[in-house]
Each structure stands twice: as structure tokens, then as C-alpha cells.
Amino acid sequence: MTTRNFHYKRVMRVFALFVFLLLSAVFHVQAQTPRFKVIAFYHGTFDQAHIAFVKEANQWFPQIAAQYGFSYEATTNWDNLNASFLSNYQVVLFLDDLPASASQRSAFQTYMQNGGGWMGFHVCAWTDNAASWSWYHNTFLGSGNFTTNTWGPSSATLRVDDRTHPSTARLPATFTSAVSEWYGWQNDLRNNSNIRVLASIDPVSFPLGNQAGNIWYSGYYPIMWTNKNYKMIYANFGHNAMNYTTNTQTSSTFASEIQNRFLIDGLLWLGGVDPGPAPAIPIPGTVQAESFTTMSGIQTEATTDAGGGQNIGYTDAGDWLDYKVNVQTAGAYKVEFRVASQTAGGAIELRKDAAVLGSVSVPVTGAWQTWTTVSDTVDLTAGEQTLRVQVAAAGFNLNWIRFSSATNPPSVIPVGQVITLRGNNSLYVSGENGTKAMICDRAAPQTWEQFSVLDAGNGKVNLRSMGKFVSSENGTKAMTCNRTTAASYEAFDWITNADGTISLRGNNGMYVSSENGEQAMNCNRATIDGWEKFNFTIVGPVASAAALAVSAPVQTEQPAAGIVYPNPFGSQLNYTLPATISSHTVAIYDLSGKQVLRTVVRSKQSTYFLNVGSLPRGLYILDISSGTYHQRVKVQKAE
């Protein structure tokens with residue numbers, strides 16, 4: 001080879017390497033480019049309930065942004081409402097206020113008229129002087145002045161008025177909202193041809209509120225809507241329940257998975273992105289009943305089962321729910337159904353396409369919120385697929401479905417026990433006393449390496465060491481063990497692997513990694529490999545486990561539910577109530593939400609009677625309320 005040829009080939013190799021690195025950099029930038037950019041404006045200084053919402057919004061939205069490929073920023077500088085700044089963003093959020101100065105308002109109006117996207121929450125629409133910014137309150141929102149509100153904050157059954165909009169296409173006909181204060185408005189949005197109401201208060205929610213003077217008994221109250229002339233969505237929620245004495249938050253605006261689905265799909269629509277299909281739920285793991293992709297004949301409601309959230313109910317034979325899942329490994333699985341039934345029991349079939357994979361009988365538990373678990377063993381193929389839960393016989397509620405490998409060693413979760421966790425590097429996990437990120441590098445377990453396993457509800461566990469809870473940090477940074485209370489970041493699926501080890505999956509759907517002890521632990525692995533497997537050893541029972549702090553606020557226990565009979569009924573419907581209930585309100589609604597009967601009962605009786613002979617045959621909702629007691633039952637007029 002001549003010197004000249006050698007020099008030429010060396011130059012070409014250097015040039016090729018340069019081109020490769022340049023292209024790699026370009027592709028990296030493209031991969032990191034967000035699909036769209038969101039900027040949220042807030043103050044975070046008025047009303048602890050609004051401040052609590054802003055704080056959790058500025059935690060929740062970045063998680064969703066990371067999951068769906070857009071960027072999220074938040075600012076308290078409302079002077080950033082100017083053309084130069086807004087040109088960098090496709091979507092604007094108002095979390096707890098609206099623009100105040102003329103320049104801010106003008107810039108926002110121009111931004112919207114030029115095709116910008118906007119989502120606003122709760123108090124950003126409040127005004128008692130709509131004329132002060134008529135374009136915003138009367139033209140853009142259409143609502144005009146605030147006129148009424150409910151108190152205290154509570155969840156409501158929302159009726160989806162329009163399921164053709166991209167933000168509501170994946171919602172059921174009705175669903176239970178997260179807790180909020182609710183506003184009513186001067187203008188009837190149904191009379192505004194530019195306004196498209198997406199969801200409103202379902203009449204079964206009445207009476208709504210519990211403070212005299214702030215209780216809604218009837219009426220039409222829109223909750224979510226859009227304006228056909230703008231790319232916008234308004235959501236009349238964003239006020240958490242609070243203990244104002246201690247400034248303690250007692251509810252979360254993001255507690256409703258279905259309501260969150262609306263927010264996610266709404267944001268994607270505003271950002272110009274097709275929401276696409278729902279992400280598959282990994283199996284083994286727990287599937288929340290309300291996480292269906294499609295359904296027929298089902299309603300959701302708040303549950304008092306461990307972990308809170310929602311359950312599905314009002315089941316009739318022939319109703320069904322579809323779930324998009326991703327089975328990691330083909331084989332036999334134990335499938336557990338968390339169920340409750342007041343009087344009738346029922347039966348569930350798990351189906352794939354036309355094939356029945358397994359079935360369970362639902363026992364009578366005595367009340368709609370008294371829960372038990374029933375199970376069967378089914379064979380599942382690997383990969384993404386749709387599983388159907390079919391109501392074979394009616395009369396039950398369903399909270400969650402848990403899948404675990406039936407061919408693995410028994411998946412006994414050591415709830416109520418203190419354990420140690422050892423990574424595949426044969427070293428122990430340490431909580432580091434909550435002073436720094438967790439790590440898996442201890443040669444021998446001491447107190448920092450011991451964890452109490454607590455029931456987090458919904459088939460999940462909390463881990464607690466030195467009085468503090470382990471947090472996945474949603475996979476956005478290294479894991480810590482420094483939380484005084486447990487919320488979603490502190491809940492984990494406990495998964496038993498085929499080799500006898502266990503894995504932990506965070507609420508973000510990712511697995512905990514020991515990082516082989518070489519760096520702080522993370523919860524950001526999409527699959528299970530060696531570093532995501534742990535051996536556990538039981539040290540002993542949790543001391544005074546019942547006295548340990550729990551994640552949810554303690555609530556006063558409701559009286560046990562009464563009994564409604566006969567059901568189906570004829571000319572008379574009877575019901576009983578707990579002995580503690582005296583005066584109460586009883587109402588009957590047809591399935592369109594129209595109230596067909598309402599009466600106030602002021603005397604205590606052993607059995608109450610309703611004359612319903614004039615009602616036509618069909619299905620109805622019987623609604624009974626007294627103070628904090630509230631019972632809804634689906635009933636049928638058969639003759």
C-alpha cells in the first residue's frame with residue numbers, strides 16, 4: 001500500500017466517523033423533540049384548596065408529559081402572556097387564575113384567535129363581573145357570571161353529553177369524578193350554538209353538597225365544555241377537599257382514572273396529536289376495573305375498599321368490559337377478582353374473543369362496599385391482546401382484577417411482615433434512613449435495610465423503613481425512602497418471578513432496578529432482567545401493624561347499607577335503612593337521568609314503602625340520602 005493510499009483511506013475513515021456522529025446527533029435531537037409544548041400559568045397563593053391542586057398539577061402533568069412525549073413547564077409570571085413568549089408553546093393552561101392586565105388579556109386573545117390551544121380549570125372562569133372582560137367570559141367561555149356553588153367539596157356522577165369529541169371518545173356514558181367544589185353559571189350553555197357541552201352533572205348526584213345553602217337538588221350544570229370557534233377545553237374541577245384547620249389536603253383532583261383519561265386525551269387533542277389507543281396494561285399485575293377501553297352497560301362509583309379510587313357497578317347480565325393488556329409470558333395465570341354484592345351475588349366470565357378462559361361465582365358479601373376476592377386459573381398467550389370481563393349473572397361490584405403466574409412458586413405477599421431485600425448482586429437494599437437516595441450495596445442487613453410490607457389496597461403494597469415510605473419518584477429520579485405518607489408514587493405491584501425471586505413495579509408501570517449496586521436505585525425499567533429481581537427474607541411481623549400510618553385520610557364509617565325489595569318490583573317498592581337513619585330523601589330516576597319520583601321522609605320506620613304503580617316497566621335508579629349516608633340501587637319495574 002502506498003503512503004498516498006494510506007493517507008486517503010485514513011481521511012475517509014475520519015470523514016465517515018464525522019458523518020456518523022453528526023447523523024447520530026441529529027437523530028438524538030429529533031428523538032428528544034417534544035410532540036408539542038405546554039405552558040401552565042398559576043399564582044398558587046390563594047385558598048389552600050386551590051394551592052393544593054396547583055402543587056399536585058405541577059407534579060402530575062410532567063409525568064403525563066414524559067409518558068406521552070410532550071413537554072410541560074409552569075410559571076407564575078403572567079407577564080409571559082405576550083406574543084414572543086407564547087409563540088414557543090402550542091398549549092396554554094390556566095390552573096388557578098386568569099390574566100389581569102390589559103396587555104396580558106390582549107396577548108391571550110390574539111393567541112387563541114390565531115389557533116393556540118388552551119385548557120382551564122375551575123376558578124379560572126370565576127367572575128362576578130363578566131362585563132369586565134366580555135370576550136373571555138361571555139364569548140370564549142360563554143358562562144358569564146358565577147351564580148352558585150356546592151359545598152363541601154364532593155365527587156359527582158358526571159354524564160358525558162358528547163362522546164364524539166376527541167377528549168371524551170374513550171369515556172363511558174357516566175363516571176364518578178374526583179372530589180371538587182362545583183360552580184354554576186349565569187348563562188345556560190345549551191342555548192349557545194358555539195358551545196359544545198362535553199359532560200354535566202348527572203341527576204343521580206343530587207342532592208350534591210352537604211352545607212345548607214350550598215346544596216344542589218336539581219338543575220342542569222355543565223362541567224366540561226369546548227367552544228367550536230377555538231381550540232379550548234374548560235374543566236369545572238380543580239378544588240381539592242381540605243382540612244382548613246391543619247391545611248391538610250384530603251382529596252386529589254387526579255384520583256379518578258377516567259377523569260384523567262379526559263385530561264390526557266384533551267391535552268393531546270389541543271396539542272394536535274391523535275390520542276390513539278390506550279396503552280396496554282402489563283400482566284402479571286393488577287388491572288383496575290375502571291381502566292377499561294370500552295364497555296357496555298356499566299357505571300363507575302367511588303369505592304371504600306382499601307386504596308380508594310373507583311369500582312364498577314350496576315351490573316346486569318350481558319354487560320361487559322374490555323381491557324387492553326400485555327401478557328409478558330405465555331402460561332397459566334391465577335386471576336383474582338375483587339368483588340362485592342349486597343344481596344344477589346353473580347357470576348363473571350373472563351373471555352378472549354369468543355372463547356371463555358375462566359369463570360368465577362360472586363358470593364353475597366352483605367353490602368355493596370364489603371369486599372372479598374374470588375379466583376380461577378386461566379391460560380394466557382403472550383403479547384398485547386384484549387381480554388373481556390363478561391357479566392354472566394348480575395348483582396355485583398368489581399374493584400380490580402389481579403393476574404399472577406400460576407406456574408411460579410406461590411405468590412404469597414408478606415403483608416404485615418418486616419423483610420429484607422437482596423439484589424442479584426447478593427447485596428441488600430438500604431433505605432438510607434431517608435437522608436439520600438436508596439441503594440443496593442449493603443453486605444449485611446441492619447435497621448436501614450429492613451422494610452415493613454403494608455397493604456396499599458387495589459392489590460398493591462407499600463414499603464416502609466424507619467417510619468418513612470419508599471417512593472418510586474415516578475421513575476423521574478433516583479428512588480427515596482423519605483415519604484411521611486403514601487400516595488401513588490409509593491404503591492407497588494409485588495410480582496413473583498418463575499425463578500422464585502420477586503420484582504416491584506411502580507405506579508408508572510416501570511420496574512425497580514437495583515442498578516447492580518453501582519448507583520442509586522431507579523424505577524424506570526420497562527422489562528424484568530437480573531437487576532430487577534430480588535430475594536426477600538422475612539425478619540418478623542410488623543409491630544403494631546394496625547397502628548401504622550396509612551396513606552388515605554381516616555373517614556367516619558358509614559352505616560351499613562339497607563335492603564331494597566322486591567327487585568324486580570311491581571306496584572310497591574320496599575326498603576329498610578340502618579337504625580341510625582331517621583329523616584331522609586328518596587328519589588327515583590329513569591336511565592336518562594330524569595327524576596320521576598322524589599319525597600322527603602321525616603319519621604323513622606322499620607320498613608319504608610313507595611307507591612310506584614304508575615311507573616312504566618323498565619330500569620331505574622333508586623337514590624336514598626341522609627347527611628353523609630348515600631345509597632344508590634339499580635331497580636327494575638317488571639309489571
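Filtering the stretch 566-587 down to residues that are assigned to a strand (DSSP E or B) and free of Cβ contacts under 8 Å to residues at least 40 places away in the same chain, which residue is least open to solvent (accessible area, probe 1.4 Å)?
If we take residues in the stretch 566-587 being assigned to a strand (DSSP E or B) and free of Cβ contacts under 8 Å to residues at least 40 places away in the same chain, then Val586 is least open to solvent (accessible area, probe 1.4 Å).
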Please work out which one of (1) in a strand (DSSP E or B); (2) under 28 Å from the mean Cα position of the chain (by Cα); (3) more than 23 Å from Ser513 (Cβ to Cβ) is the condition Phe403 fails and give its number. (3)
Ala65 of a type in the set (A, V, I, L, M, F, W, C) and in contact with a strand residue (DSSP E or B) (Cβ under 8 Å, 6 or more places away or on another chain): yes
Breaking point among (1) surrounded by 18 or more Cβ atoms within 10 Å (Cβ to Cβ); (2) assigned to a strand (DSSP E or B), for Gln369: (2)
Just the residues that are modelled with pLDDT under 90 and either among the acidic types (Asp, Glu) or part of a strand (DSSP E or B) (or both), please, taken from the stretch 406-453. Gln417, Val418
Being part of a strand (DSSP E or B), among the hydrophobic types (A, V, I, L, M, F, W, C) and more than 24 Å from Ser154 (Cβ to Cβ) is the filter here, so list the residues in the stretch 296-333 that pass it. Trp320, Leu321, Val325, Val327, Ala332
Among the listed residues Thr315, Thr372, which satisfies the condition of being among the β-branched types (Val, Ile, Thr) and touching a residue at least 60 places away in the same chain (Cβ under 8 Å)? Thr315
Looking only at the stretch 229-252, and only at residues there that are surrounded by fewer than 22 Cβ atoms within 10 Å (Cβ to Cβ) and among the aromatic types (Phe, Trp, Tyr), the one that is nearest to Leu95 (Cα to Cα): Tyr230
Take the residues in the stretch 253-273 that are assigned to a loop (DSSP other than H, G, I, E, B) and touching a helix residue (DSSP H, G or I) at 6+ places or on another chain (Cβ under 7 Å), then tell me which one is least open to solvent (accessible area, probe 1.4 Å). Thr253
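Only one residue in Asp316, Asp322 is within 23 Å of Arg351 (Cα to Cα), open to solvent by 40 Å² or more (accessible area, probe 1.4 Å) and in contact with a strand residue (DSSP E or B) (Cβ under 7 Å, 6 or more places away or on another chain). Which one?
Working: Asp322 fails: open to solvent by 40 Å² or more (accessible area, probe 1.4 Å).
Criteria check complete, one pass: Asp316.
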Can you tell me how many residues within the stretch 569-594 are of a type outside the set (Ser, Thr, Tyr), on the phi < 0 side of the Ramachandran plot and at pLDDT below 75? 3
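Residue-wise test of (1) more than 17 Å from the chain's Cα centre (by Cα); (2) at positive phi; (3) among the polar types (S, T, N, Q).
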position	(1), (2), (3)
Pro153	yes, no, no
Arg170	no, no, no
Asn210	yes, no, yes
Trp225	yes, no, no
Lys228	yes, no, no
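The values are calculated or read from the model by the stated rules, or taken from the named source; none is laboratory data. Quick caveat: nothing in here was measured; it's all calculated off a predicted structure. Cβ sites come from the backbone with ideal geometry, for glycine too, and all protein chains shown count toward neighbours. Protein only, heavy atoms only, side chains kept; ligands, DNA and RNA dropped before computing areas. Shrake-Rupley method; radii C 1.70, N 1.55, O 1.52, S 1.80 Å.
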